[in-house]
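Peer 1: Below is one structure. I have some questions about it.
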Amino acid sequence: MFTALRRRAAKAAALVGAAAMAAGLAACGAGSGTAGASGSDGGLRKVTFMLSWAPDTNHIGVYVAKHQGWFRDAGLDVDIVAVAQAGAEQAVNTGVADFALSNLTNVGIYDLKGAHLKEVLQVQRKSSAIWCALASNTAIHSPKDLDGKTFATFGSNESDAVVRRMIQHDGGKGEFDKVTVGTSTFRTLQSGKADFGGFYATWEGVQAEMYGPKLTCFTEPDYGVPGNADSIGIITADKTIEQDPDLVRAFTQATQRGYEYAYAHPDQAADMLVEEAPDANLKQDFVRRSMQVIVDGQYWGDPKAIADGSETLGAIDYDGVQQYFDFLAESNAYTDASGATVRQAPQARDLATDEFLKR
(Lines give C-alpha, C1' and ligand atoms only; values in the text may rest on other atoms or scores of the structure.)
Protein backbone atom coordinates (compact mmCIF):
# COMPACT_ATOMS: atom_id res chain seq x y z
CA MET A 1 0.00 0.00 0.00
CA PHE A 2 2.77 2.44 0.86
CA THR A 3 5.85 3.67 -0.96
CA ALA A 4 9.14 4.80 0.51
CA LEU A 5 9.78 8.52 0.91
CA ARG A 6 9.13 10.42 -2.28
CA ARG A 7 12.11 12.58 -1.43
CA ARG A 8 11.37 15.91 -3.12
CA ALA A 9 10.20 13.91 -6.06
CA ALA A 10 11.13 14.00 -9.72
CA LYS A 11 14.17 16.22 -9.75
CA ALA A 12 16.65 14.25 -11.78
CA ALA A 13 15.77 11.29 -9.52
CA ALA A 14 15.13 12.99 -6.23
CA LEU A 15 12.44 10.86 -4.73
CA VAL A 16 10.06 9.91 -7.46
CA GLY A 17 7.90 8.00 -5.02
CA ALA A 18 4.93 7.46 -7.28
CA ALA A 19 6.68 4.56 -8.89
CA ALA A 20 5.41 1.99 -6.41
CA MET A 21 1.77 2.93 -6.00
CA ALA A 22 1.10 4.67 -9.31
CA ALA A 23 3.21 2.75 -11.81
CA GLY A 24 0.20 0.96 -13.17
CA LEU A 25 -1.60 4.27 -13.65
CA ALA A 26 1.29 6.26 -15.07
CA ALA A 27 0.22 5.81 -18.65
CA CYS A 28 -3.00 7.62 -17.78
CA GLY A 29 -0.98 10.75 -17.16
CA ALA A 30 0.38 10.88 -20.67
CA GLY A 31 -2.48 12.88 -22.13
CA SER A 32 -2.26 16.37 -23.52
CA GLY A 33 -2.56 19.63 -21.66
CA THR A 34 -5.90 21.33 -22.10
CA ALA A 35 -5.54 24.87 -20.78
CA GLY A 36 -8.15 27.10 -22.34
CA ALA A 37 -10.04 24.25 -24.02
CA SER A 38 -13.80 24.16 -23.69
CA GLY A 39 -15.69 20.93 -23.33
CA SER A 40 -19.28 19.82 -23.59
CA ASP A 41 -19.65 19.83 -19.82
CA GLY A 42 -21.59 23.08 -19.49
CA GLY A 43 -18.86 25.07 -21.18
CA LEU A 44 -16.33 24.34 -18.43
CA ARG A 45 -12.67 24.72 -19.30
CA LYS A 46 -10.77 21.45 -19.40
CA VAL A 47 -7.71 21.43 -17.14
CA THR A 48 -5.23 18.65 -16.38
CA PHE A 49 -3.63 18.37 -12.94
CA MET A 50 -0.86 15.80 -12.58
CA LEU A 51 0.02 14.05 -9.36
CA SER A 52 3.67 14.09 -8.38
CA TRP A 53 3.48 10.57 -6.95
CA ALA A 54 0.56 8.48 -5.69
CA PRO A 55 -2.43 10.25 -4.07
CA ASP A 56 -1.68 11.35 -0.51
CA THR A 57 -2.31 14.21 1.89
CA ASN A 58 0.15 16.48 0.08
CA HIS A 59 -2.32 16.49 -2.82
CA ILE A 60 -5.43 16.73 -0.65
CA GLY A 61 -6.35 20.33 -1.42
CA VAL A 62 -6.88 19.49 -5.09
CA TYR A 63 -9.08 16.50 -4.24
CA VAL A 64 -11.11 18.58 -1.76
CA ALA A 65 -11.65 21.36 -4.31
CA LYS A 66 -12.84 18.81 -6.86
CA HIS A 67 -15.09 17.00 -4.37
CA GLN A 68 -16.68 20.24 -3.13
CA GLY A 69 -17.33 21.53 -6.63
CA TRP A 70 -15.08 24.55 -6.23
CA PHE A 71 -13.31 23.94 -9.54
CA ARG A 72 -16.68 23.75 -11.25
CA ASP A 73 -17.72 26.99 -9.53
CA ALA A 74 -14.58 28.56 -11.01
CA GLY A 75 -15.56 27.36 -14.49
CA LEU A 76 -13.07 24.48 -14.59
CA ASP A 77 -13.39 20.78 -15.36
CA VAL A 78 -10.26 19.40 -13.67
CA ASP A 79 -8.93 15.97 -14.57
CA ILE A 80 -6.53 14.57 -11.95
CA VAL A 81 -4.08 12.21 -13.65
CA ALA A 82 -1.30 9.92 -12.48
CA VAL A 83 2.29 11.01 -12.75
CA ALA A 84 3.90 10.48 -16.15
CA GLN A 85 7.08 8.45 -16.39
CA ALA A 86 9.14 11.56 -17.16
CA GLY A 87 7.83 13.28 -14.03
CA ALA A 88 5.23 15.93 -13.28
CA GLU A 89 7.64 18.83 -13.79
CA GLN A 90 8.54 17.72 -17.29
CA ALA A 91 4.86 17.17 -18.10
CA VAL A 92 4.02 20.73 -17.10
CA ASN A 93 7.04 22.15 -18.91
CA THR A 94 6.06 20.44 -22.17
CA GLY A 95 2.32 21.18 -21.87
CA VAL A 96 1.23 17.60 -21.21
CA ALA A 97 -0.30 18.85 -17.95
CA ASP A 98 -1.45 22.33 -17.01
CA PHE A 99 -0.68 22.10 -13.29
CA ALA A 100 1.04 19.64 -10.97
CA LEU A 101 2.18 19.10 -7.42
CA SER A 102 5.90 19.71 -6.99
CA ASN A 103 8.14 21.92 -4.86
CA LEU A 104 10.43 24.87 -5.35
CA THR A 105 13.56 22.76 -5.06
CA ASN A 106 12.46 20.76 -8.10
CA VAL A 107 11.52 23.93 -9.95
CA GLY A 108 15.01 25.30 -9.29
CA ILE A 109 16.70 22.14 -10.51
CA TYR A 110 14.60 22.03 -13.67
CA ASP A 111 15.26 25.73 -14.27
CA LEU A 112 19.00 25.05 -14.35
CA LYS A 113 18.34 22.45 -17.03
CA GLY A 114 16.33 24.84 -19.20
CA ALA A 115 12.73 24.41 -18.03
CA HIS A 116 10.38 27.37 -17.47
CA LEU A 117 8.20 26.67 -14.45
CA LYS A 118 6.79 28.59 -11.49
CA GLU A 119 5.27 27.66 -8.18
CA VAL A 120 2.01 29.56 -7.64
CA LEU A 121 0.97 28.10 -4.28
CA GLN A 122 3.21 26.70 -1.56
CA VAL A 123 1.30 24.67 0.97
CA GLN A 124 4.17 23.33 3.07
CA ARG A 125 5.97 25.78 5.32
CA LYS A 126 8.58 23.51 6.92
CA SER A 127 10.38 20.28 6.20
CA SER A 128 8.63 17.01 7.01
CA ALA A 129 11.55 14.88 5.87
CA ILE A 130 12.91 12.38 8.36
CA TRP A 131 15.99 10.21 7.98
CA CYS A 132 15.57 6.87 9.67
CA ALA A 133 16.95 3.45 10.50
CA LEU A 134 14.93 0.53 11.74
CA ALA A 135 14.56 0.76 15.51
CA SER A 136 15.82 -2.82 15.63
CA ASN A 137 19.20 -1.55 14.36
CA THR A 138 20.65 -0.73 17.76
CA ALA A 139 23.92 0.55 16.30
CA ILE A 140 22.23 3.78 15.14
CA HIS A 141 21.28 6.37 17.76
CA SER A 142 22.09 9.70 16.05
CA PRO A 143 23.24 10.90 12.59
CA LYS A 144 26.95 10.42 13.35
CA ASP A 145 26.19 6.69 13.59
CA LEU A 146 25.31 6.75 9.87
CA ASP A 147 29.00 7.14 9.03
CA GLY A 148 30.14 4.09 7.09
CA LYS A 149 26.58 2.76 6.80
CA THR A 150 24.58 2.16 3.61
CA PHE A 151 22.02 4.74 2.46
CA ALA A 152 18.90 3.56 0.58
CA THR A 153 18.75 6.33 -2.03
CA PHE A 154 16.81 7.30 -5.12
CA GLY A 155 19.99 8.81 -6.50
CA SER A 156 19.78 12.58 -6.02
CA ASN A 157 22.69 14.90 -5.23
CA GLU A 158 20.33 16.77 -2.93
CA SER A 159 19.74 13.80 -0.63
CA ASP A 160 23.48 13.10 -0.46
CA ALA A 161 24.15 16.71 0.57
CA VAL A 162 21.48 16.62 3.27
CA VAL A 163 22.66 13.33 4.79
CA ARG A 164 26.30 14.45 4.70
CA ARG A 165 25.48 17.72 6.46
CA MET A 166 23.48 15.96 9.18
CA ILE A 167 26.26 13.47 9.89
CA GLN A 168 28.95 16.14 9.96
CA HIS A 169 26.86 18.43 12.18
CA ASP A 170 26.57 15.54 14.64
CA GLY A 171 30.35 15.06 14.70
CA GLY A 172 30.81 12.43 12.01
CA LYS A 173 32.78 12.47 8.76
CA GLY A 174 29.81 12.35 6.40
CA GLU A 175 30.97 9.23 4.58
CA PHE A 176 28.48 6.54 3.60
CA ASP A 177 27.81 3.88 1.01
CA LYS A 178 24.70 3.88 -1.18
CA VAL A 179 22.29 1.43 -2.74
CA THR A 180 19.58 2.46 -5.18
CA VAL A 181 16.04 1.74 -3.98
CA GLY A 182 13.80 -0.22 -6.32
CA THR A 183 10.32 0.30 -4.93
CA SER A 184 10.23 0.58 -1.14
CA THR A 185 12.75 1.98 1.31
CA PHE A 186 11.06 -0.02 4.07
CA ARG A 187 11.67 -3.27 2.22
CA THR A 188 15.25 -2.29 1.40
CA LEU A 189 15.99 -1.69 5.09
CA GLN A 190 14.22 -4.87 6.18
CA SER A 191 16.19 -6.90 3.64
CA GLY A 192 19.48 -5.73 5.16
CA LYS A 193 20.64 -4.16 1.89
CA ALA A 194 20.73 -0.71 3.51
CA ASP A 195 20.92 0.75 7.00
CA PHE A 196 18.97 3.99 6.63
CA GLY A 197 16.82 5.99 4.24
CA GLY A 198 14.52 8.98 3.86
CA PHE A 199 10.83 9.22 4.68
CA TYR A 200 8.15 11.84 5.31
CA ALA A 201 6.91 12.29 8.88
CA THR A 202 3.42 13.05 7.58
CA TRP A 203 3.08 9.83 5.55
CA GLU A 204 5.65 7.04 6.03
CA GLY A 205 6.19 8.24 9.58
CA VAL A 206 2.48 7.68 10.19
CA GLN A 207 2.72 4.26 8.57
CA ALA A 208 5.54 3.27 10.91
CA GLU A 209 3.62 4.60 13.90
CA MET A 210 0.40 2.75 13.05
CA TYR A 211 1.58 -0.44 11.34
CA GLY A 212 5.36 -0.69 11.76
CA PRO A 213 8.20 -1.23 11.33
CA LYS A 214 9.30 1.02 14.18
CA LEU A 215 11.93 3.57 13.21
CA THR A 216 14.70 5.67 14.76
CA CYS A 217 14.53 9.02 12.97
CA PHE A 218 16.34 12.36 12.71
CA THR A 219 15.04 15.65 11.34
CA GLU A 220 17.02 18.03 9.16
CA PRO A 221 16.63 21.30 11.12
CA ASP A 222 17.99 19.60 14.24
CA TYR A 223 21.20 18.69 12.45
CA GLY A 224 22.32 21.74 10.53
CA VAL A 225 20.28 21.71 7.31
CA PRO A 226 19.02 25.29 6.84
CA GLY A 227 15.79 26.63 5.39
CA ASN A 228 12.69 24.95 4.02
CA ALA A 229 13.60 21.78 2.15
CA ASP A 230 10.01 20.69 1.46
CA SER A 231 8.37 23.66 -0.26
CA ILE A 232 5.56 21.49 -1.64
CA GLY A 233 2.89 23.22 -3.69
CA ILE A 234 1.33 23.81 -7.09
CA ILE A 235 3.36 24.55 -10.22
CA THR A 236 2.52 25.64 -13.73
CA ALA A 237 4.45 26.75 -16.78
CA ASP A 238 5.64 30.32 -17.32
CA LYS A 239 3.92 30.13 -20.69
CA THR A 240 0.56 29.38 -19.06
CA ILE A 241 0.96 32.35 -16.72
CA GLU A 242 1.80 34.63 -19.62
CA GLN A 243 -0.96 33.42 -21.95
CA ASP A 244 -3.79 32.67 -19.52
CA PRO A 245 -3.42 34.36 -16.12
CA ASP A 246 -7.17 34.09 -15.49
CA LEU A 247 -6.93 30.31 -15.71
CA VAL A 248 -3.99 30.25 -13.29
CA ARG A 249 -5.85 32.49 -10.85
CA ALA A 250 -9.04 30.39 -11.01
CA PHE A 251 -7.23 27.08 -10.47
CA THR A 252 -4.90 28.44 -7.78
CA GLN A 253 -7.63 30.03 -5.69
CA ALA A 254 -9.95 27.02 -5.87
CA THR A 255 -7.04 24.80 -4.83
CA GLN A 256 -6.08 27.23 -2.07
CA ARG A 257 -9.65 26.98 -0.77
CA GLY A 258 -9.31 23.18 -0.81
CA TYR A 259 -6.17 23.26 1.34
CA GLU A 260 -7.72 25.80 3.70
CA TYR A 261 -10.70 23.52 4.19
CA ALA A 262 -8.46 20.50 4.75
CA TYR A 263 -6.44 22.35 7.39
CA ALA A 264 -9.59 23.45 9.23
CA HIS A 265 -11.50 20.16 8.76
CA PRO A 266 -8.84 17.42 8.57
CA ASP A 267 -11.10 14.40 9.13
CA GLN A 268 -13.66 15.46 6.55
CA ALA A 269 -10.94 16.27 4.02
CA ALA A 270 -9.30 12.89 4.63
CA ASP A 271 -12.59 11.16 3.87
CA MET A 272 -12.90 13.15 0.64
CA LEU A 273 -9.43 12.03 -0.46
CA VAL A 274 -10.26 8.39 0.20
CA GLU A 275 -13.49 8.73 -1.78
CA GLU A 276 -12.00 10.67 -4.69
CA ALA A 277 -8.96 8.38 -5.13
CA PRO A 278 -10.42 4.87 -4.87
CA ASP A 279 -7.66 3.24 -6.93
CA ALA A 280 -5.09 4.22 -4.28
CA ASN A 281 -6.81 1.93 -1.73
CA LEU A 282 -6.18 4.40 1.07
CA LYS A 283 -7.28 3.54 4.60
CA GLN A 284 -9.52 6.13 6.20
CA ASP A 285 -7.92 5.95 9.65
CA PHE A 286 -4.45 6.26 8.14
CA VAL A 287 -5.31 9.31 6.04
CA ARG A 288 -7.06 10.93 8.99
CA ARG A 289 -3.98 10.37 11.13
CA SER A 290 -1.74 11.85 8.41
CA MET A 291 -3.87 14.98 8.31
CA GLN A 292 -3.81 15.28 12.09
CA VAL A 293 -0.01 15.08 12.08
CA ILE A 294 0.05 17.88 9.49
CA VAL A 295 -2.23 20.07 11.60
CA ASP A 296 -0.56 19.32 14.94
CA GLY A 297 2.89 19.91 13.44
CA GLN A 298 1.72 23.13 11.75
CA TYR A 299 3.37 21.98 8.53
CA TRP A 300 1.14 24.30 6.47
CA GLY A 301 1.49 27.28 8.79
CA ASP A 302 -0.13 28.46 12.01
CA PRO A 303 -3.78 27.28 11.86
CA LYS A 304 -4.99 30.12 14.11
CA ALA A 305 -3.20 32.77 12.06
CA ILE A 306 -4.64 31.32 8.85
CA ALA A 307 -8.13 31.21 10.37
CA ASP A 308 -8.02 34.86 11.47
CA GLY A 309 -6.51 36.02 8.18
CA SER A 310 -3.18 37.24 9.53
CA GLU A 311 -1.40 34.49 7.58
CA THR A 312 -2.17 33.31 4.05
CA LEU A 313 -2.15 29.58 3.41
CA GLY A 314 -0.30 29.06 0.17
CA ALA A 315 2.04 32.05 0.39
CA ILE A 316 5.58 31.45 -0.82
CA ASP A 317 8.29 31.10 1.83
CA TYR A 318 10.92 32.85 -0.27
CA ASP A 319 13.48 33.34 2.49
CA GLY A 320 13.29 29.81 3.88
CA VAL A 321 13.52 28.27 0.44
CA GLN A 322 16.45 30.50 -0.54
CA GLN A 323 18.39 29.39 2.52
CA TYR A 324 17.98 25.80 1.38
CA PHE A 325 18.91 26.68 -2.22
CA ASP A 326 22.10 28.36 -0.99
CA PHE A 327 22.97 25.29 1.09
CA LEU A 328 22.61 23.04 -1.95
CA ALA A 329 24.79 25.34 -4.05
CA GLU A 330 27.47 25.38 -1.35
CA SER A 331 27.27 21.56 -1.34
CA ASN A 332 27.80 21.39 -5.14
CA ALA A 333 24.46 19.61 -5.52
CA TYR A 334 23.34 21.53 -8.62
CA THR A 335 24.12 20.53 -12.21
CA ASP A 336 23.07 21.91 -15.57
CA ALA A 337 21.65 20.01 -18.54
CA SER A 338 25.12 18.76 -19.51
CA GLY A 339 25.86 17.48 -15.99
CA ALA A 340 28.34 20.25 -15.12
CA THR A 341 28.29 21.53 -11.55
CA VAL A 342 26.48 24.85 -11.08
CA ARG A 343 27.73 26.85 -8.10
CA GLN A 344 25.27 29.74 -8.33
CA ALA A 345 22.05 28.98 -6.44
CA PRO A 346 18.70 29.50 -8.18
CA GLN A 347 16.75 32.48 -6.88
CA ALA A 348 13.44 31.61 -5.23
CA ARG A 349 11.88 34.95 -6.14
CA ASP A 350 12.44 34.20 -9.83
CA LEU A 351 10.78 30.80 -9.58
CA ALA A 352 7.58 31.50 -7.66
CA THR A 353 4.81 34.06 -7.40
CA ASP A 354 2.11 34.93 -4.84
CA GLU A 355 0.08 37.03 -7.25
CA PHE A 356 -2.65 34.46 -7.94
CA LEU A 357 -3.54 33.69 -4.32
CA LYS A 358 -6.63 35.04 -2.59
CA ARG A 359 -5.58 37.18 0.37
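Peer 1: Give the residue, chosen from Gln207, Gln122, that is in contact with a Phe, Trp or Tyr (Cβ under 8 Å, 6 or more places away or on another chain), closer than 30 Å to Thr255 by Cα and polar (S, T, N, Q).
Peer 2: Gln207
Peer 1: Assess whether Glu220 counts as being within 18 Å of the chain's Cα centre (by Cα) and more than 22 Å from Glu311 (Cα to Cα).
Peer 2: Numbers: within 18 Å of the chain's Cα centre (by Cα): yes; more than 22 Å from Glu311 (Cα to Cα): yes.
Judged against the criteria, Glu220 is a match.
Peer 1: Since Arg343 meets every condition but one in (1) over 26 Å from Arg165 (Cβ atoms); (2) outside any helix (DSSP H, G or I); (3) basic (Lys, Arg), which condition does it not meet?
Peer 2: The number of the failed condition is (1).
Peer 1: Count, please, the residues in segment 166-187 that happen to be at pLDDT below 95, open to solvent by less than 40 Å² (accessible area, probe 1.4 Å) and part of a helix (DSSP H, G or I).
Peer 2: 2
Peer 1: Return only the number of the condition from (1) open to solvent by less than 10 Å² (accessible area, probe 1.4 Å); (2) touching a strand residue (DSSP E or B) at 6+ places or on another chain (Cβ under 6 Å); (3) part of a loop (DSSP other than H, G, I, E, B) that Lys193 does not satisfy.
Peer 2: All conditions are met except number (1).
Peer 1: Under 7 Å by Cβ, and 6 or more places apart or on different chains, what pairs join a residue from segment 337-349 that is under 21 Å from Asp319 (Cα atoms) with one that is charged (D, E, K, R) and part of a loop (DSSP other than H, G, I, E, B)?
Peer 2: Once the first residue is under 21 Å from Asp319 (Cα atoms) and sits in segment 337-349, its partners that are charged (D, E, K, R) and part of a loop (DSSP other than H, G, I, E, B) give Val342/Asp336.
Peer 1: What tally of residues in segment 114-124 results from selecting those that are surrounded by fewer than 24 Cβ atoms within 10 Å (Cβ to Cβ) and either modelled with pLDDT under 95 or not basic (Lys, Arg) (or both)? Even if it seems obvious, please write down each step before you answer.
Peer 2: Filtering segment 114-124 for residues surrounded by fewer than 24 Cβ atoms within 10 Å (Cβ to Cβ) gives 114-116, 118, 124.
Checking the rest, the ones that are also either modelled with pLDDT under 95 or not basic (Lys, Arg) (or both) come to 114-116, 124.
Total satisfying the criteria: 4.
Peer 1: Report, ordered by the first and then the second residue, all pairs with beta carbons closer than 6 Å, sequence separation of six or more or different chains, a first member in segment 276-290 that is free of Cβ contacts under 8 Å to residues at least 24 places away in the same chain, and a second member that is of a type in the set (A, V, I, L, M, F, W, C) and in a helix (DSSP H, G or I).
Peer 2: So the pair list comes out as Gln284/Val274; Arg288/Ala270.
Peer 1: Additional query: Only residues in segment 227-244 that are over 11 Å from Lys126 (Cβ atoms) and in contact (Cβ under 8 Å) with a residue 40 or more places away in the chain count as the first member; pair them with residues that are of a type in the set (Val, Ile, Thr) and assigned to a loop (DSSP other than H, G, I, E, B), Cβ under 9 angstrom, at least 6 apart or cross-chain, and list the lot.
Peer 2: Note: pairs meeting the criteria are Gly233/Val123; Gly233/Ile316; Ile234/Val123; Ile241/Thr353.
Peer 1: Go through (1) under 24 Å from Ala229 (Cβ atoms); (2) within 17 Å of the chain's Cα centre (by Cα) and name the single condition His116 misses.
Peer 2: Here His116 meets the rest and fails (2).
Peer 1: When both residues are 6+ apart or on different chains and their Cβ atoms are under 7 Å apart, which pairs have a first residue that lies in segment 77-88 and is open to solvent by less than 40 Å² (accessible area, probe 1.4 Å), and a second that is hydroxyl-bearing (Ser, Thr, Tyr) and assigned to a strand (DSSP E or B)?
Peer 2: Val81/Thr48; Ala88/Ser102
Peer 1: Sort out for me the helices (runs of 4 or more DSSP H) sitting completely within segment 228-322 that have 3 or more residues that are modelled with pLDDT of 95 or more, touching a Gly at 6+ places or on another chain (Cβ under 9 Å) and within 23 Å of Glu204 (Cβ to Cβ).
Peer 2: 245-264
Peer 1: Is there a residue being within 27 Å of Ser159 (Cβ to Cβ) and open to solvent by less than 30 Å² (accessible area, probe 1.4 Å) anywhere in segment 331-338?
Peer 2: Residues of segment 331-338 that are within 27 Å of Ser159 (Cβ to Cβ), as a first pass: 331-338.
When the remaining residues are screened for being open to solvent by less than 30 Å² (accessible area, probe 1.4 Å), the result is 333-334.
Looking through segment 331-338, at least one residue is within 27 Å of Ser159 (Cβ to Cβ) and open to solvent by less than 30 Å² (accessible area, probe 1.4 Å).
Peer 1: Looking at (1) over 20 Å from the mean Cα position of the chain (by Cα); (2) surrounded by fewer than 19 Cβ atoms within 10 Å (Cβ to Cβ), find the lone condition where Thr240 falls short.
Peer 2: Failing condition for Thr240: (2).
Peer 1: Quick check on my filter: what residues within segment 109-165 are small (Gly, Ala, Ser) and in a loop (DSSP other than H, G, I, E, B)? Walk me through it before giving the result.
Peer 2: Going through segment 109-165, the residues small (Gly, Ala, Ser) turn out to be 114-115, 127-129, 133, 135-136, 139, 142, 148, 152, 155-156, 159, 161.
Within segment 109-165, Gly114, Ala115, Ser127, Ser128, Ala135, Ser136, Ala139, Ser142, Gly148, Gly155, Ser156 meet the criteria.
Peer 1: A further question follows. So, of the residues in segment 262-304 that are under 13 Å from Asp56 (Cβ atoms) and polar (S, T, N, Q), which turns out to be surrounded by the most Cβ atoms within 10 Å (Cβ to Cβ)?
Peer 2: Ser290
Peer 1: Among the residues of segment 310-330, write down those that are within 24 Å of Arg165 (Cβ to Cβ) and open to solvent by 40 Å² or more (accessible area, probe 1.4 Å).
Peer 2: The answer is Asp319, Gln323, Asp326, Glu330.
Peer 1: Residue check, Thr105 against (1) within 17 Å of the chain's Cα centre (by Cα); (2) surrounded by fewer than 24 Cβ atoms within 10 Å (Cβ to Cβ); (3) at pLDDT 95 or above, all met but one. Which one?
Peer 2: All conditions pass for Thr105, except number (2).
Peer 1: Still on this structure: Which numbered condition in (1) within 30 Å of Asp195 (Cα to Cα); (2) among the small types (Gly, Ala, Ser); (3) open to solvent by 70 Å² or more (accessible area, probe 1.4 Å) is the only one that Ala307 fails?
Peer 2: The number of the failed condition is (1).
The values are calculated or read from the model by the stated rules, or taken from the named source; none is laboratory data. Model, not experiment: these values are computed from the prediction. Heads up, the Cβs are rebuilt from the backbone with ideal geometry, glycines too, and the neighbour counts pull from every protein chain shown. Keep in mind that these areas ignore ligands, DNA and RNA; they rest on the heavy atoms of the full protein, side chains included. Shrake-Rupley method; radii C 1.70, N 1.55, O 1.52, S 1.80 Å.
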